[in-house]
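Chemist: The structure that follows is given in the form of structure tokens.
The values are calculated or read from the model by the stated rules, or taken from the named source; none is laboratory data. Since we're looking at a predicted model, the values are computed, not measured. Cβ placement follows ideal geometry from the backbone for every residue including glycine, while neighbour counts extend to all protein chains displayed. We work out accessible area using only protein heavy atoms, side chains counted, and drop any ligands, DNA or RNA first. Shrake-Rupley method; radii C 1.70, N 1.55, O 1.52, S 1.80 Å.
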Amino acid sequence: MSGGSEFPELVWPQRPETNHPLVEAAGTEGRLPDWAYLDAPRRAHSKRVAGLMDRWGAALGLDDKDRVRWRAAAELHDAMKSYDPGELRIWAGPGLPDPVLHGPACADRLRSAGVDDEELLLAIAFHSTGHPDLGELGEFLYLADYLEPGRKIRSSRLPALRARLPGEREAVLTEVLAMRIGHLLDKRRPVLQATMDFWNRLMGESSQ
């Protein structure tokens with residue numbers, strides 16, 4: 001997707017010809033790295049996210065390699081969810097609230113292990129917050145993480161939103177992001193700059 005002048009289209013580096021072994025293991029077998037640490041409910045959540053990602057990828061006609069990437073992103077996105085925040089900051093760095101540290105930390109750890117699929121890494125890093133540079137993979141992971149059917153979110157809108165995907169990605173993404181920002185505002189919590197930039201990019205696209 002193209003953005004306005006403030007958010008020019010990001011040109012991703014050419015992806016490797018083959019998926020990294022960590023990505024391949026997660027996307028084909030659901031096998032996580034030995035440093036992964038998440039509790040059983042969170043693991044079940046990741047499986048449901050992977051199911052949505054695989055279904056949407058198939059509907060979009062992705063090839064086998066990309067469907068593995070999409071499932072891997074889902075399996076890996078919460079791989080460090082149960083870590084102590086102090087340890088996560090070693091990987092994620094400063095400046096983020098505790099609940100969203102696990103994504104950047106996991107992406108950085110994967111990068112240090114040799115994963116160089118930047119679109120996938122960005123998707124994992126910002127699956128909780130959104131980011132203006134997310135590609136198709138990242139946008140669908142953001143949606144699947146929020147919309148998977150096991151989520152304990154008190155909204156009757158979620159099944160209808162899921163039913164509109166993958167065909168209405170931009171419209172549903174705007175609705176979901178508005179819901180999540182609205183929740184933060186209702187709770188008097190700060191909205192991260194990456195989230196606001198994501199919103200502004202979507203609004204720029206919708207006005208064109």
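Chemist: Counting every Cα pair in the stretch 162-208, what percent are over 12 Å apart?
Modeler: 64 percent
Chemist: Starting from the Cα of N200, step 7 Å along the direction of its Cβ; do the same at D98; then give the gap between the two resulting points in nm.
Modeler: Taking the simple label geometry, N200 and D98 are separated by 3.0 nm.
Chemist: Could you tell me the calculated FRET efficiency between R55 and T18, based on Cβ-Cβ distance and R0 = 22 angstrom, to the nearest 0.05?
Modeler: About 0.35, to the nearest 0.05.
Chemist: Quickly work out the R151-to-D34 label distance, labels modelled 7 Å from Cα along the C-beta direction, and quote it in nm with one decimal.
Modeler: Here the answer is 3.5 nm between the modelled labels.
Chemist: May I ask you to give the percent of accessible area on the stretch 94-179 that is carbon plus sulfur, with a probe radius of 1.4 Å?
Modeler: Its accessible area is 50 percent carbon and sulfur atoms.
Chemist: Still on this structure: Quick one: net charge around L32, please, counting Lys, Arg +1 and Asp, Glu -1 for every other residue with C-beta under 9 Å from its C-beta.
Modeler: With Lys, Arg at +1 and Asp, Glu at -1, the net is 0.
Chemist: What's log10 of I(q)/I(0) for the stretch 32-71 at q = 0.31, 0.34 Å⁻¹, Debye sum over Cα points only, no solvent?
Modeler: For the requested q values the scattering log ratios are -0.96, -1.04.
Chemist: Inverting the mean 1/r over all pairs of different Cα atoms, compute the Kirkwood radius of the stretch 129-208 and quote it in Å.
Modeler: Value: 13.1 Å, from the Cα pair sum.
Chemist: Could you work out the helix-only [θ] at 222 nm for the chain, with each DSSP H run of four or more residues adding -39,500 (n - 2.57) and the total divided by the number of residues, to the nearest 500 deg cm²/dmol?
Modeler: -17500 deg cm²/dmol
Chemist: Separate question: Quick one: what does P(r) look like for the stretch 78-123 with 5 Å bins over all Cα pairs, in whole %?
Modeler: All Cα pairs considered, the percentages come to 5, 26, 34, 21, 12, 2.
Chemist: Can you give the Rg to Rh ratio of the chain, both from alpha-carbon atoms, with Rh computed by the Kirkwood formula?
Modeler: 0.93
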